[in-house]
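The values are calculated or read from the model by the stated rules, or taken from the named source; none is laboratory data. Because the structure is a prediction, the values reported are computed rather than measured. Using ideal geometry, Cβ is built from the backbone for each residue, glycine included, and neighbour counts are taken over all protein chains shown.
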Amino acid sequence: MKRFSFLKFMSIAMIALACTLNVSCVDDNDDTEAPYLEVSPTTLSFETSGQPVAGSQSFFQISTNRHWKATVQSEKTWVTLSATEGDGSADIEVSIPEGINDQANVTIEISNKVGVLMSQTVTIVSGKVLPATVIYNETFGTAAPSASPYPFVDAYTGWAKTGTGSSTTQYTGIAASVRQSGKLSAGYEGASGGSKLFFGSGSNFVINKIALQTPEVNLKLTFGGSYSKNTDGVYDNVFKPEKFHFYLSADGITWSDALTYETKQADEFWVFATSHFTLKSPIATLYIKYEAGEASVFSIDDPTLVTGPGGQEVVFGNTPEPGEAKVITIPEMIQAMTTSQTVLDATADRFFEAIVQNDTVGGNYSFNNLILTTVGATTAGNGITLYGSQVEPTAIKVNKGDKVKVTLYKGLAKIVKYNGMYEATGAKEDTWAKVEKIGTATVTPVVITADKLADYQGMPVTIQGATIATAGVWATNSALSSHNFTAQTTPFVVFCKKGAGVFVDVPFKAATANISGLAAVNNNVGQLVPRDLNDVQAFSSADPLITAVDPTSLNFDAAGGTKTITVTVVNQGSNVLSVSGLSATLSAAVNGTTVTVTATENAGAAISQTLTIALANGNAVTIPVTQAAKSSGGSTTVSMSSQNIVDGKTGTVTLAVNSYGSQLVADPNTWYTWASNSVNFAGARIGVAPANNGGGIQVQGNDTDATKQGRIANVTALPAIQSMVIVLRVVNTSTYDPAYNVYAGTTVNPSKADANISKTSTFATVDGYRVYTQTFDFSSGNYTYFSIINDLTGALYIDSIAITYKK
């Protein structure tokens, strides 16, 4: 129906005036009439039978001259419209089912390219509707940080709760943190857009003690939800209700089954979730628990509890008691283990009680490993490790001496004897375990002999009369530390991880004494892992000690130059450093804890010497120093230490400690690549050697299997290679000399089909290590490429490489 009025005339006049003033005018069609929108009636009332009440009707009329859209209020899915968009005037029929006691809003809008021009609202009322009471609402405030570290629930203080039942509310949770990072809530009514709650590994969030009034049994819970998963740079932002659940309780102990809820897309990243439910019986307090079934992808905001029309019935007390799961012991799990992951129990949850052995302050344990011992156990086979981000001790807030109840969920928890280690684990995306602190207990080490370490893994032990021959420091921030001990002639390793908390740069003395820690297994071999400094108290030392030198070798070209060595010392006091061992073109001087090595021009043959750095009243360390021979023409030397190889990384492959990752000899795309002195290199089946084997570059070796023959080669051609000096460093207990070959050619990656370069070798014992300096002479050919190939038996441990070639 076409309309015209004085107001309409004035609207047209104003639009014309704006356009003459060069104001941009936007319209979506050729109609020059001003837009209008009228809706009648604005309220429709229905009986619970679904029929209109007397005096009302089942439809509303839209009168407009534009395209319109009608949207039912979020989550009010019981309202059905005969049409949700159209052009011009229309009658819209409203249908609702029986048994509804609720109200909903329908918004009618007309828009153009700029946005909404006009809107009207129709209210649909069904049955007896009471005004909604906000019982509880939490926006999480605005105090949370936007960058790590993020506070966990127990540490956050910026809560912003409101509602009639919120004054008694308290919060608890596991691995749930409050933050303002990433995409914040938006797109739904009441989206606060500030802090949000993020669910980490194996996490939950519990809203405790919401106060309810006696009539409040028909309730509605809403919240904003977000899902964000990054897979190789591709984000999945589709919310997954099947992996995110909430439960209700009257006492915080017995929980209901997971309640159903509906979601509506709010914006690109957030949904608005709604659940209607009815409590079968009135209760004084309500507990709400959110749980994420996938780690580090879910967030929520604005959880709100209000009175509502009711819905799914909630009965407390029908959830199976924990005792209905089946008990299991650590020895029973160990007995059932194989070297392949197998489901512990496909049909029933399993649970056991144990004592936590991780010392999170000491920090000397592998991340994501929760080490547990049977309560009161003194016999072997009573320790197990739970592995996964869901059970990281710092995330679930447990520590040494905590008594816990562990539930391993049916079909999800798996057991395996992994490289000799007794392990229970599960898929990263599954919630396969639940760990609950139930008390504390005293942890008393069991006295064992060193040959029983693997049997007692996961248990605190003491080894009596343990001997270490050389002083050192327990741990560093740069590498793993494996210390070689003996007890009654049995050798064993005392292990400290890189950056192991209280052990870093703490010195120990050469001594014989009792030592304690956790029995552990590394690659099927038992070892001892101290938990805190009390475990190694008998070896504490106040003696001056050189703990590290950087770099560990020096290489000069024939022209000479100056290089410095940084010496790290503990307990130095007034004791000074001194140097010796260099002569001819090489010399050294000390300034505090810095040693400067100078090489003058070398006019003769290649030079290989050993620099000794000594600390008064302390120890001494030695460093190989080499200088290239003078070339008949102009030459240059590329020198690189093992650390230069690590630091010079150019590709996507990263070197791992005591592992070769996914490097394939047959596929150069999987090789590790680096650059030194603007020269590019590549290596296959190489890694970082553990500290107990010198900490250099580890190269896999095999005399028959080419897939296990590690190699290092130049990618950039080097004109007329003259010589190569390789320094290798292995622990003094090794009884094998390095065995490998160096090949040369004129195309990249030469092999045994090409020239095999001969070598000369010198050997020295240096501070508990066997140091080999091996020189290869390339001068008999015009070679531009080399390959160091470990096609003989045993791994190599390379400390440095220097290549001299003609300019």
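Data overview
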{"item": "Filter pass, residue 216 being assigned to a loop (DSSP other than H, G, I, E, B), buried (at least 20 other Cβ atoms within 10 Å of the Cβ), touching a residue at least 24 places away in the same chain (Cβ under 8 Å) and among the acidic types (Asp, Glu)", "result": "yes"}
{"item": "Number of positions in the stretch 698-715 that are more than 25 Å from residue 522 (Cβ to Cβ) and in a helix (DSSP H, G or I)", "result": "1"}
{"item": "Residue among 683, 687, 661, 695 that is touching a residue at least 40 places away in the same chain (Cβ under 8 Å) and either within 27 Å of residue 493 (Cβ to Cβ) or assigned to a strand (DSSP E or B) (or both)", "result": "695"}
{"item": "Given (1) part of a loop (DSSP other than H, G, I, E, B); (2) exposed (fewer than 15 other Cβ atoms within 10 Å of the Cβ); (3) touching a residue at least 24 places away in the same chain (Cβ under 8 Å), index of the condition residue 651 fails", "result": "(3)"}
{"item": "Residue that is surrounded by the fewest Cβ atoms within 10 Å (Cβ to Cβ) [pool: residues in the stretch 607-622 that are in contact with a Ser or Thr (Cβ under 6 Å, 6 or more places away or on another chain) and hydrophobic (A, V, I, L, M, F, W, C)]", "result": "620"}
{"item": "Members of the stretch 77-106 that are under 26 Å from residue 262 (Cβ atoms), in contact (Cβ under 8 Å) with a residue 40 or more places away in the chain, not acidic (Asp, Glu) and not in a strand (DSSP E or B)", "result": "77, 78, 79, 96, 97, 99, 100, 101"}
{"item": "Answer residue from the stretch 662-680, given it is touching a Leu at 6+ places or on another chain (Cβ under 8 Å) and either farther than 27 Å from residue 782 by Cβ or assigned by TED's automatic domain parsing to the domain that holds residue 552 (or both) and is surrounded by the most Cβ atoms within 10 Å (Cβ to Cβ) among those", "result": "672"}
{"item": "Members of the stretch 706-754 found to be touching a strand residue (DSSP E or B) at 6+ places or on another chain (Cβ under 7 Å), aromatic (Phe, Trp, Tyr) and more than 11 Å from residue 786 (Cα to Cα), listed by number", "result": "740"}
{"item": "Filtered residues of the stretch 531-549 (kept if among the β-branched types (Val, Ile, Thr) and part of a helix (DSSP H, G or I))", "result": "536"}
{"item": "Which listed residue, of 278, 338, 285, is assigned by TED's automatic domain parsing to the domain that holds residue 382, surrounded by fewer than 20 Cβ atoms within 10 Å (Cβ to Cβ) and in contact with a strand residue (DSSP E or B) (Cβ under 9 Å, 6 or more places away or on another chain)", "result": "338"}
{"item": "The lone exception for residue 558 - which of (1) farther than 23 Å from residue 658 by Cα; (2) within 34 Å of the chain's Cα centre (by Cα); (3) of a type outside the set (S, T, N, Q); (4) crowded, with 18+ Cβ neighbours inside 10 Å it fails", "result": "(2)"}
{"item": "Meets criteria (over 41 Å from the mean Cα position of the chain (by Cα), free of Cβ contacts under 8 Å to residues at least 40 places away in the same chain and part of a strand (DSSP E or B)) for residue 760", "result": "yes"}
{"item": "Matching residues in the stretch 509-530 - criterion: being assigned to a strand (DSSP E or B) and either out of contact with any helix residue (DSSP H, G or I) (no Cβ under 8 Å at 6 or more places or on another chain) or buried (at least 24 other Cβ atoms within 10 Å of the Cβ) (or both)", "result": "512, 515, 517, 518, 519, 520, 521, 522, 525, 527, 528, 529"}
{"item": "Test: residue 552 is touching an Asp or Glu at 6+ places or on another chain (Cβ under 9 Å), among the hydroxyl-bearing types (Ser, Thr, Tyr), outside any strand (DSSP E or B) and touching a residue at least 60 places away in the same chain (Cβ under 8 Å)", "result": "yes"}
{"item": "Every residue from the stretch 716-735 that is assigned to a loop (DSSP other than H, G, I, E, B) and surrounded by fewer than 19 Cβ atoms within 10 Å (Cβ to Cβ)", "result": "716, 717, 719, 720, 732, 733, 734, 735"}
{"item": "Residues within the stretch 566-608 that are assigned to a loop (DSSP other than H, G, I, E, B) and of a type outside the set (Val, Ile, Thr), tallied", "result": "16"}
{"item": "Test: residue 395 is small (Gly, Ala, Ser), buried (at least 20 other Cβ atoms within 10 Å of the Cβ) and part of a strand (DSSP E or B)", "result": "no"}
{"item": "Qualifying residue in the stretch 609-629 (condition: more than 20 Å from residue 470 (Cβ to Cβ) and assigned to a loop (DSSP other than H, G, I, E, B))", "result": "yes"}
{"item": "Some residue of the stretch 79-92 being exposed (fewer than 13 other Cβ atoms within 10 Å of the Cβ) and among the hydroxyl-bearing types (Ser, Thr, Tyr)", "result": "yes"}
{"item": "Count of the stretch 664-680 residues which are farther than 16 Å from residue 716 by Cβ and not in a loop (DSSP other than H, G, I, E, B)", "result": "4"}
{"item": "Matching residues, the stretch 442-473, being within 13 Å of residue 530 (Cα to Cα) and free of Cβ contacts under 8 Å to residues at least 60 places away in the same chain", "result": "462"}
{"item": "Subset of the stretch 341-367 [surrounded by fewer than 21 Cβ atoms within 10 Å (Cβ to Cβ), in a loop (DSSP other than H, G, I, E, B) and in contact with a Gly (Cβ under 7 Å, 6 or more places away or on another chain)]", "result": "346, 361, 363"}
{"item": "The stretch 136-182 - residue that is charged (D, E, K, R) and surrounded by 15 or more Cβ atoms within 10 Å (Cβ to Cβ) and, of those, farthest from residue 212 (Cα to Cα)", "result": "179"}
{"item": "Selected residue (criterion: surrounded by the fewest Cβ atoms within 10 Å (Cβ to Cβ)) from residues of the stretch 736-753 that are modelled with pLDDT under 95 and either among the acidic types (Asp, Glu) or closer than 24 Å to residue 695 by Cα (or both)", "result": "736"}
{"item": "Only listed residue being crowded, with 22+ Cβ neighbours inside 10 Å, of a type outside the set (Phe, Trp, Tyr) and modelled with pLDDT of 90 or more, chosen from 406, 447, 375", "result": "406"}
{"item": "Any hit, the stretch 668-680, residues being modelled with pLDDT under 90 and within 20 Å of residue 738 (Cβ to Cβ)", "result": "no"}
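To keep it simple, each residue is scored yes or no on (1) more than 26 Å from residue 74 (Cα to Cα); (2) at pLDDT 90 or above; (3) among the aromatic types (Phe, Trp, Tyr).
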site	(1), (2), (3)
230	yes, yes, no
236	no, yes, no
244	no, yes, yes
252	yes, no, no
273	no, yes, no
299	no, yes, no
310	no, no, no
316	yes, no, yes
324	yes, no, no
